[in-house]
1. Based on the Cβ-Cβ distance of A:K273 and A:N70, what FRET efficiency does E = 1/(1 + (r/R0)^6) give at R0 = 45 Å, to the nearest 0.05?
2. Would you list, by chain and number, the lysines whose Cα falls below 16 Å from the Cα of B:K29, excluding same-chain residues fewer than 8 positions away?
3. How far is B:E109 from the same spot in each other copy, in nm, shortest first, if each label point sits 7 Å from Cα toward Cβ?
4. Suppose we keep just the DSSP beta bridges with both residues in chain A; what percent of those would be antiparallel, to 5?
5. If one computes P(r) from the Cα atoms of the range A:307-428, what percent of pairs lie at distances over 26 Å?
6. In degrees between 0 and 90, to the nearest 10, how far off the longest principal axis of chain A does helix A:56-69 point, with axes built from Cα atoms?
7. Using modelled amide H (1.01 Å from N, peptide plane; none on Pro or chain starts), what sits under 5 Å from the amide H of A:N96, excluding residues fewer than 5 places away?
8. List the lysines whose Cα sits under 20 Å from the Cα of A:K64, skipping any in the same chain fewer than 8 residues away.
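A short reminder: the numbers here are calculations on the coordinates, not readings from a lab. Values in this document were obtained by computation on a predicted structure and should not be read as measured data. Backbone-built Cβ (ideal geometry, glycine too); neighbour counts: all protein chains shown.
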Protein chains: 2
Amino acid sequence: MDMTYKKIDEQDISFLISACGQDRVFVGKEINEDFSHDELAGIRKFPEVLVEVENSLEVSSIMKYAYENNICITPRGQGTGLVGASVAIHGGIMINMSKMNRILELDEENLTLTVEPGVLLMEISKYVEDHDLFYPPDPGEKSATIGGNINTNAGGMRAVKYGVTRDYVRGLEVVLPTGEIIEVGGKVVKNSSGYSLKDLIVGSEGTLGIVTKAVLKLLPLPKKAISLLIPFPNLEMAIETVPKIIKSKAVPTAIEYMVRDVILASEEFLGRKFPDNSSDAYLLLTFDGNSTEEIENAYERVAHICLESGALDVLISNTQERQESIWKARGAFLEAIKASTTEMDECDVVVPRNRIAEFVKFADELQKTCDIRIKGFGHAGDGNLHIYILKDQLDEAVWKRKMDEVFKLMYEKAHELGGKVSGEHGIGYAKKGFLQESEGNTTMALLKNIKLAFDPKNILNPGKVC
Amino acid sequence: MDMTYKKIDEQDISFLISACGQDRVFVGKEINEDFSHDELAGIRKFPEVLVEVENSLEVSSIMKYAYENNICITPRGQGTGLVGASVAIHGGIMINMSKMNRILELDEENLTLTVEPGVLLMEISKYVEDHDLFYPPDPGEKSATIGGNINTNAGGMRAVKYGVTRDYVRGLEVVLPTGEIIEVGGKVVKNSSGYSLKDLIVGSEGTLGIVTKAVLKLLPLPKKAISLLIPFPNLEMAIETVPKIIKSKAVPTAIEYMVRDVILASEEFLGRKFPDNSSDAYLLLTFDGNSTEEIENAYERVAHICLESGALDVLISNTQERQESIWKARGAFLEAIKASTTEMDECDVVVPRNRIAEFVKFADELQKTCDIRIKGFGHAGDGNLHIYILKDQLDEAVWKRKMDEVFKLMYEKAHELGGKVSGEHGIGYAKKGFLQESEGNTTMALLKNIKLAFDPKNILNPGKVC
């Protein structure tokens, strides 16, 4: 695919100013450093120009101009991604979508919420919960935009019971690379009207079109939730319990695993105590439902399974306060690990749920065989692991070499176990090579053909995914 | 797109015999008439040759041969479709997938069932229920293959609570139009590893690839279910109650609507009485859960809403026998309507749930304005209506003219209400023009580009969808 683009000149800047106004166009030193990287900051490049948009017509007119002039475009939300998908690696125009942040409509008869892409995940959950409704996807990073969540098909903690972002996107308004605006899906519950463009755009990391509006599916808010924190003598015993829980036909909302090291890091980072840090490993489960009785029925059996499998205790958190304190700590794990080192990169593999123990053990052993610090936690209930390789005091060349080596081994192992390169953080720029390795030439050729079906000039977020 | 194909000759037949054996290749009069049409039989054409396959390697070798020789291929399951998607409108080779009908693996640790595409829906539900597990999609046609269900993204009765077929497909093995075999998705719960080919192939009506294996997601089987049959003085009152039920935050498993005429037709067709036929219109609801108390809590509120909205009664079916009798009648509606006329065609629109009443009223009035008999029923809880236009004694020319006229008005109305051409039966051959009208040129061009991304020679099920 061609990746030579026209450089931005005065005329292009004038066009952008005419489209959006002087105060929403930023050039050179006016561009905040934040826009040159994402959360992990391993990939750095400034766009040539940054423009803040306020509506889909502006996006469309910029996209159309870029298409006609062969300028590349990078759409950008809050920049909380971890794989460089929102970094302008070829320069060009970066479109900042985060000011398109209005909640447009709550439709209680169809149980949908229509939003602009810049609305934050935490704003959505608060808004709908105030109406006794529920948007189930619950990624750790609550300050991500919904547009970003849609573009990575973010999963989060509650995927065990409720599924992922894709399952809660009913319809999208999308600006295509040509500048045309289309609507895919809608408020409808079923749809078999041609290939599902909606599902193709969800998870496409801003490479097929720019999402300018989303219709989200809501559920009634479960009336109650209870969390169980379950200490185990070691991680292996904790994780090997998970397939037994699944097999028991219990349906927890979330099953997370965590180890003492990471809990200690989070205590230090947040400056507050976790309810327990005396054991090497923990499972953290949530159950929700409409009555205490219903929930108790569900978790009693699971508590029993855990104790039979060697759990040291079952700590029940049934007040909102205690639950929030546990989940807040869980939400800080990434930041806490990040704060404990100089630089890090992440492996976000997903494996079948009964292969997690094997993968975690493999990753742990890599610390010794590759002599590098590795820390992780993850969604044990859905097989999605977040494993971080830490640079610490390694020099740049050694770090790059070791990181490549460790990643290669991890992704090979995931593939061998029937897993995939990314569970929820996407491929972006950083993981392209690993996707190629994992999926093979035939599938990658299909992905490229699909990209060209949407974007024949390859101007929208080029160099990402495929 | 090019649609001229090589005609089948002796050499092609020899190849197929060498690939699959003499007794699985059928030519000319050896081809049963059933293979010339689908369930609605409005579109008729024999394939030039019919071949029964037993495994994906056979499918791959036939596909590869067809690709090299520019022969078109039509994959076929049980032929229960309603839009001509499985009719060989360009002749060529029809591949009968229905003998690839093995259940390959039940994985209780990952809650997945791996099947070949020819397994029937009723076989799947029986098999998993015997293991105390649940495959939620529940289309009326239980003798359809799972391959057909995947290809139309079939929905069925339980979509209100559980979603549609797409939501229960975790992974697929697919033979591409080039003959290459790929796997998309897998046993993993989350996946953000490149564009979702799995979701693109689900619902693609056999035009992007041939599904040769599917990994289905299962749930624990709910322990109890209760159905409510709720008579109303008229259909409008019944249907206008549905958005109130949704808004109440109750979560029924199913909400169907039905009218007396159709119930009477079904009684005649099945030769057995429906529990009640004294009212003009009914809602039929199911609630499921793990305890009677949980279900009662859910339905009591809904029963109250119905009575407040003018329901004449609430008939509770809490024995399996009574429920089966009601749902068996519901399952026979299509056949019963079909038996009441000479020929019919169907409109399978889906509209937002709060617009159903408006659409049903519109369709009913078309009986008068267009002077033709129209009968329907539908999934009131998800906005998906099945409305049948009946030929009765009309002559062929008048029938075609009226049918076109009525369809055009219905699809325009659906579009106006924010609806889509098909909720679950697909586009196939019969509804292509209406999809074009509804989606417009930009979207249709994208669909065509995607088709060519998979199938550059346009040999796989050509002339369908787009």
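1. Efficiency computed from Cβ-Cβ geometry: 0.20.
2. Here the lysines satisfying the reach criterion relative to B:K29 are B:K45.
3. 5.0
4. Numbers: 57 of 67 bridges.
Here the antiparallel bridges make up roughly 85 percent for chain A.
5. Result for the distance tail: 28 percent.
6. The angle comes out at about 60 degrees.
7. Result for A:N96 returns A:V51, A:E52, A:V53.
8. A:K6, A:K7, A:K213, A:K451, A:K457
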